[in-house]
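Some notes on the structure that comes next.
The values are calculated or read from the model by the stated rules, or taken from the named source; none is laboratory data. Here the structure is a predicted model, which is why all the values come from computation and not from measurement. Reconstructed Cβ throughout: ideal geometry from the backbone, glycine too, with neighbour counts over all protein chains shown. Each accessible area value is taken on the protein alone, full model and side chains, heavy atoms only, with ligands, DNA and RNA left out. Shrake-Rupley method; radii C 1.70, N 1.55, O 1.52, S 1.80 Å.
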Amino acid sequence: MPKESDESSKEEQSKTDKDGIENTMETSEEMIRKRIRRNTPSPHRLTPQSSPPRFVSVEELMETAKGVTNMALAHEIVMNSAFQVKPYEPEEGSLEKQVKEIMHKAFWDCLESQLNEDPPSYSHAITLVGEIKEALLSFLLPGQSRLRGQIEEALDLSLIQQQAENGALDISKVAQFIIDMMGTFCAPCRDEDIKQLREITDIVPLFKAIFAVLDKMKIDMANFAVSSLRPHLFQQSVEYERKKFQEFLEKQPNALDFTKKWLQDTVDYLTGGGTEGGATCTPNSAQLPLTIHNHAYLRLLKWDHDTESFPETLLMDQGRFLEMQQELEKLALVASVLLIVYNSAGEAISGLPGLMERLKKTIKILLAEMHTSSFKADETFATVAEKLCGELRGCLSQHGFSPFSSDRENTLKGQIVAAKSADNPIRKVIGKRVVTQKAVGFYLEVKNSNLKLYFPYQTPESRRTFLASWSQAPTGVLRLSLEV
């Protein structure tokens, strides 16, 4: 950020940040659109019956699209603490990239030919200086009048034009002033770039490098504006998104059909006796709204993203829910395999230091790609069984225990391989404890080291095994569980 600032700039920092977010939104609009398109359900899926469509003008459509884009950007800034604006680059080998490279080369070749004329022509160079001047002025805070005056005086285009016409223009001196100003405004991470600019002597390569560094500085300023606005957006995000959704709903009355279906399916599930343990909720129950809310969100952790359309109100977070769902499935599977091992081995390995961590690390490494298309379950689980049995043999031998018989080892391998099935009893029990309402109570009981209420196996070591895996559940899931 700028290294020099007047005292009055501090009072106007907030206003400048708010103005800067508009540029930020425009800069990352394409990125947000790509994210929305990626998370938007396929039009070929079965859709619920909706209200008859109404005519929408192009102006209304564009206004609605802009509102949704801005809402998605604000939502991403609030939810993703690591969100940053990144420069757009065309795909390698694409027509867009080829055209861009050809146009840029033609422009810089034209500039070089003008400067090589006798006498030199500076028309293109002065145009570039004007663009650089605008960029430098955009970095200023409203109170930095002294720096503004220096830039206006040193980069006075009319004066530079007169000097060029009279053969008195020293373009290297102008470039040096520009570099000095860039060094004043840039973030510390750009100091090395500024140092490299000072080492360039040819005018055309220097101007090319200046614009490259200016682009980086603009991204730095945009990200600074994002980080400054995040606390303000966080305070107002709920009301802002509610307002935007209402505006969207007024223009598109059927815009929440999938959300209605999601909630209605949850109501049918609860009132129809579909809750765990056979419990039902009567339509007149005072707890029904809260129960519906809780179950609806927990259902998203078992969502079939390939066949079911995601609720519109949560579409911007579909990727996060999918990531949490996959992580929980993996953790539940790791816990299931560890439970099988510890319940089969019994007291022989109970309490051995470091064993559980080694076993868990081995399982997680081998299951790292379980949600990719290249994952081969049969081969992977056979490898897991072999690796874990080998680890157990070495551990038992090291601590003076008798090794497993071949029959016992083969039985253990078979149980581990059987865990690959989603219908495996142990895996189903563990999975239910993770993605049902009892996950909240279970997590709170875990914090109090009282696991007997929800744990199907009663050995102390097996309960610690599950806790070791559950403690690594994504923080988003735990936060969601506690909030709902």
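Accessible surface calculations at 1.4 Å, restricted to protein heavy atoms, place the range 384-432 at 55 Å² per residue. Per residue, the range 161-249 exposes 56 Å² of accessible surface when a 1.4 Å probe is rolled over the protein heavy atoms with every protein chain present. Here each label is just a point 7 Å from Cα along the line to Cβ, and for Glu165 and Lys243 those points are 5.1 nm apart.
For trypsin sites (Lys or Arg not before Pro), the sites in the range 356-422 that DSSP calls loop and that have at most 12 other Cβ atoms within 10 Å are Lys376.
Note on Phe401 and Thr307: the model spin-label points, each 7 Å out from Cα along the C-beta direction, lie 4.3 nm apart.
Anisotropy class assigned to the range 148-196 is oblate, per the alpha carbon gyration tensor with a/c at or over the 1.5 cut-off and a/b no larger than b/c. The label point for Leu233 and the one for Leu137, both projected 7 Å from the Cα toward the Cβ, are 2.8 nm apart. Ligands, DNA and RNA left out, the 1.4 Å accessible surface of the range 58-254 is 54% carbon and sulfur atoms. Counted residue by residue at 0.36 nm each, then reduced by the alpha carbon distance between them, the extension gain from Gln84 to Asp423 reaches 117.9 nm.
Taking R0 as 35 Å, what's the FRET efficiency between Gln98 and Gln326 from their Cβ-Cβ distance, rounded to 0.05? Working from the Cβ atoms, E equals 0.40. For the range 328-360, backbone nitrogen atoms closer than 14 Å to the point 7 Å from Arg408 Cα along Cα-to-C-beta are found at 341-350.
Calculated FRET efficiency, Arg148 to Glu369, Cβ-Cβ distance, R0 = 45 Å: about 0.25 to the nearest 0.05. The stretch between Leu352 and Lys376 holds 5.5 nm of extra length on full extension. This uses 0.36 nm per residue minus the Cα-Cα distance.
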